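Before any comments, here is the structure.
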2 protein chains.
Amino acid sequence: MAKPDKRHEIMRAALDLFAEQGFHGAPMALIAERAGVGAGTIYRYFENRDILIKELFNELEADILPFILDGYSDQAPFRARFIHLGSRLLRYFIQHPLHFRYLEQFHNSPYGVAHRRDKILGNEGKCNVFKELFEQGSAQQVLKDLPLPMLIALAFGPLLGVARDHILGFVRLDEELIIKTIEACWDTVKR
Amino acid sequence: MAKPDKRHEIMRAALDLFAEQGFHGAPMALIAERAGVGAGTIYRYFENRDILIKELFNELEADILPFILDGYSDQAPFRARFIHLGSRLLRYFIQHPLHFRYLEQFHNSPYGVAHRRDKILGNEGKCNVFKELFEQGSAQQVLKDLPLPMLIALAFGPLLGVARDHILGFVRLDEELIIKTIEACWDTVKR
DNA sequence: AATTTCGGAATGAACGTTCATTCTGTTACC
DNA sequence: GGTAACAGAATGAACGTTCATTCCGAAATT
């Protein structure tokens, strides 16, 4: 954590390229070039390509959590907490379109599926807050009577779809549309 | 359309491999082997790999439309039509998990994004029915007052998310859960 | 203070592998 | 016997990774 320069440049370049071109369109040589670094140098910081990809994902995930938790209170009413987390998350994606596109690439890849399998059993990271929230909502009967994974899919599905549309330029989300989007997500899962 | 044997076997093998392993994990040689065909033979039926991928997509799309339109009446009340199309689509994905996974692969790839761009302007295929439906719903004020692309994203997001969960084995959708899923989608977009 | 030594960070050419595509000889059909 | 279909080996490009070498700044030595 105390060697910022090259390592950071490599991650930045890799994030840009992966997000914009997909994993395909981003050979190591190109990442190196964009990072202003020799090809071999990457391997001083990352054992191999897969590990670079995974570390990038971990970094992004670690970045998101504090952002969405900012101003969050577990004492607030259920719906308010849902709206808070949802709209923070959507805002994060809007502010960091490359992060969003990277995460989508990651999830639609062998890495992502493997990662998902693990999460379903024990788990940590971003999901934990959400999972906790949804479990509570289920118990309090404020959410629809459905299995937990379904509730999560139902709530995130529209959010991600709208974020994708915004980032690909098919709609332009302003403050009002952000709110309406999250309220629509709420309608999806509320009892 | 009048040379079924080899061509069809190649498409079947390619669909299986692409869906299960992603575009990466499916080299032409392997597709050929699984199709019981020489590697060069593929190129008698498809100019190159990209075209095979695109034709596969077109075939799937052409397959879906009649399936979801089966029993559809444009005279039925709006909500009933929405539920009909949605649950037919979800059922299709459940009955054809490989098709679903292929379509996801396709959409998260350069092909898919390009294809999407075209659709947004003029368009044909599956989207047309849905687009028409949503436009009508907007006009009749039975749907939320949001831009059309957002309504589509909001309605499809949860459907696709739940289908993904089912196909990856995270939930098991039965008849009741299918209905509840589509009703949740309806809640997402209804005014 | 100037000079030398030294550790390890950085480099990029070279390697081995993988893969889409093409080529070539063979088989099947009319 | 000629033509089209076919299989699979050959080809060459692209890529991830390695490694012998260079480079650089910080001790050590004078």
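A single entry from B:151, B:177 fulfils the requirement of being over 14 Å from the mean Cα position of the chain (by Cα), over 18 Å from residue A:152 (Cβ atoms) and within 11 Å of chain A (Cβ to nearest Cβ): B:151. Test residue A:137 against the criterion of being of a type outside the set (A, V, I, L, M), open to solvent by 30 Å² or more (accessible area, probe 1.4 Å) and out of contact with any His (no Cβ under 8 Å at 6 or more places or on another chain), and give yes or no. No. Residue count for the stretch B:106-116, restricted to those that are open to solvent by less than 50 Å² (accessible area, probe 1.4 Å) and either of a type in the set (Asp, Glu) or at pLDDT 90 or above (or both): 2.
Among the residues making up the stretch A:154-174, those that are facing chain B (nearest Cβ under 7 Å) and among the small types (Gly, Ala, Ser) are A:157, A:161. The criterion of at least 2 residues that are of a type in the set (Lys, Arg) is met, among helices (runs of 4 or more DSSP H) falling completely within the stretch A:101-167, by A:110-120, A:126-139.
Inside the stretch B:66-84, residues that are open to solvent by 50 Å² or more (accessible area, probe 1.4 Å) and either within 16 Å of residue B:184 (Cα to Cα) or in a loop (DSSP other than H, G, I, E, B) (or both) make up a count of 7.
The values are calculated or read from the model by the stated rules, or taken from the named source; none is laboratory data. This one's a predicted model, so the numbers in the text were calculated from it and none came from an experiment. Neighbour counts are summed over all protein chains in view; Cβ atoms, including those assigned to glycine, are modelled from backbone coordinates with ideal geometry. Only protein heavy atoms, including side chains, enter the accessible area calculation; ligands, DNA and RNA are left aside. Shrake-Rupley method; radii C 1.70, N 1.55, O 1.52, S 1.80 Å.
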